[in-house]
Amino acid sequence: MKRHSSKLLFSGFILIFSTGFFFLGPSFSDDQAEEKIRHPEERHLRNIRQLTFGGENAEAYFSFDEKKLIFQSTREPFKCDQIFIMNADGSDIRLVSLGKGRTTCSYFLPGDKEIIYSSTHHLSDDCPPPPDFRQGYVWGLFDYDIFRARADGSQVRNLTNSPGYDAEATVSPLGDKIVFTSLRDGDLEIYTMDLDGRYVKRLTHEFGYDGGAFFSLDGKKICYRAWHPQTQQEIEAYKQMLEVRALKSMRLQIYVMDADGRNKRKITNNNAANLAPFFHPDGRRIIFTSNMEKPTEWDLYLVDMETGQIERVTYFEGFDSFPMFTRDGKKLVWASNRGGKVRGETNIFIADWID
């Protein structure tokens, strides 16, 4: 799919950036191939394997048994993101959403026989019009609802049924709760609900955006990204963005709270946009995406929650995001521009994690 610029949607975020690209030819040995997709300073990553080839692929998350990955992808014949499942080695890719509307933010439920994802298919078969990309980084707040389905895509039914944005849903490793972001109360806040959509509880109340939440491995904490406007100018700008259902780039920071919403604290504090946090299995560190080094370059970083010390993980020019560890911390899956045959191509990668 030929593109002159990359428009990558994740959890409602549409990023527009330009980047270099690399061609992974068929005649390379394994070591030579990895040289094309691994920067020499990426000392935490070994044996990198590219799992998808072509299109725009993102937000790949492991099944509970870690044998499969569920992800969103814009690929022919679809004009916007749909949900797919593949084996953890990249084989047997298959569509599991309905092929209608725009979808995002998919996840397995305990037992791996069912999945959840957000979609606009209940409103229209067509892709909703994208925001105005001329404004730079734009976050489209489409009218998503969260749906539950069988892992083969059948038996689709609503978990949420509220006007506006319900998305960014992930599942506790304990298998008891879904955490998600919603605009149902007039602001973008984080909520939890049971796996059947009942017992919805609001966890955040600060004015501004709170979202992109993930549970810790023990299910006791939640990491998330947030921006709380402080000045009157920021407040008015945020209100206007909510009115037009499109958010511009914000100085998102990484936060942590207890699973019941108590004891919130900011983990990062910089002038960058910090996104896609995920707990390291040690419960002490968080891996996340940031453009702190360069506004147009997105890399993975580790932050120690107690000391605030940050370590850079990836170094490839362009986009690296949506990291997820296996429960034993031995493997990392994420999305990246590396290995793309054309500019703007984003693929899923998996690597051994060297701590």
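Just so you know, all these numbers are worked out from the coordinates, no wet-lab data involved. Quick caveat, the model's predicted, so the values are computed rather than measured. Ideal geometry is used to build each Cβ from the backbone, glycine not excepted, and the neighbour counts take in all protein chains shown.
Among the trypsin sites (Lys or Arg not before Pro) in region 140-232, those placed in a DSSP loop whose Cβ has at most 12 other Cβ atoms within 10 Å are 198. When the charge dipole of the chain is built from unit charges on Cβ atoms (+1 for Lys and Arg, -1 for Asp and Glu) and taken about the Cα centre, the candidate among 37, 93, 275 whose Cα reaches farthest toward its positive end is 93.
Assuming R0 = 25 Å, can you tell me the calculated FRET efficiency for the pair residue 341 and residue 47, based on Cβ-Cβ distance, to the nearest 0.05? The pair residue 341/residue 47 has a calculated efficiency of 0.70.
Residues whose amide H lies under 5 Å from that of residue 274, counting only those 5 or more places away or on a different chain, are 252, 253; hydrogens are built 1.01 Å from N in the peptide plane. Between residue 206 and residue 352, the FRET efficiency estimated from the beta carbon spacing at R0 = 25 angstrom works out to 0.05.
Fully extending the segment from residue 237 to residue 327, taken as 0.36 nm per residue of separation minus the present Cα-Cα distance, adds 28.4 nm.
Placing +1 on the Cβ of every Lys and Arg and -1 on the Cβ of every Asp and Glu, with no other charges, gives the chain a dipole of roughly 300 debye about its Cα centre.
The modelled label-to-label distance for the pair residue 251/residue 269, using points 7 Å beyond Cα in the direction of Cβ, is 1.2 nm. For region 6-353, taking Cα atoms only, Rg and Dmax work out to 18.6, 58 Å respectively.
Absence of a disulfide-compatible partner, taken as no other cysteine beta carbon within less than 4.7 angstrom, is noted in the chain for 105, 223.
Derived scalar couplings between HN and Hα for region 274-279 equal 10, 9, 6, x, 8, 5 Hz in order, rounded to whole Hz, by the Karplus curve 6.51 cos²θ - 1.76 cosθ + 1.60 (θ = phi - 60°), x for Gly and Pro.
Each Lys and Arg Cβ is given +1 and each Asp and Glu Cβ -1; about its Cα centre, region 211-262 then shows a dipole of about 120 debye. For each pair in 36/294; 220/331; 68/177; 79/177; 79/331, compute the distance between the two Cα atoms and list the pairs where it is over 29 Å. Table pairs above 29 Å Cα-Cα are 79/177; 79/331.
Sequence-ordered 3J(HN,Hα) estimates for region 81-93 from the Karplus curve with 6.51, -1.76 and 1.60 and θ = phi - 60° stand at 4, 10, 9, 10, 10, 9, 5, 5, 9, x, 8, 6, 6 Hz, glycine and proline given as x. Label separation (residue 64 vs residue 230): 4.3 nm, computed from points 7 Å beyond Cα along the C-beta direction.
Close amide-amide hydrogen proximity is noted between residue 126 and 101, each under 5 Å apart and 5 or more residues distant or on a separate chain (H modeled in the peptide plane; Pro and chain starts excluded). Cβ-Cβ distance of residue 296 and residue 89, R₀ of 35 Å, FRET efficiency by 1/(1 + (r/R0)^6): the value works out to about 0.65.
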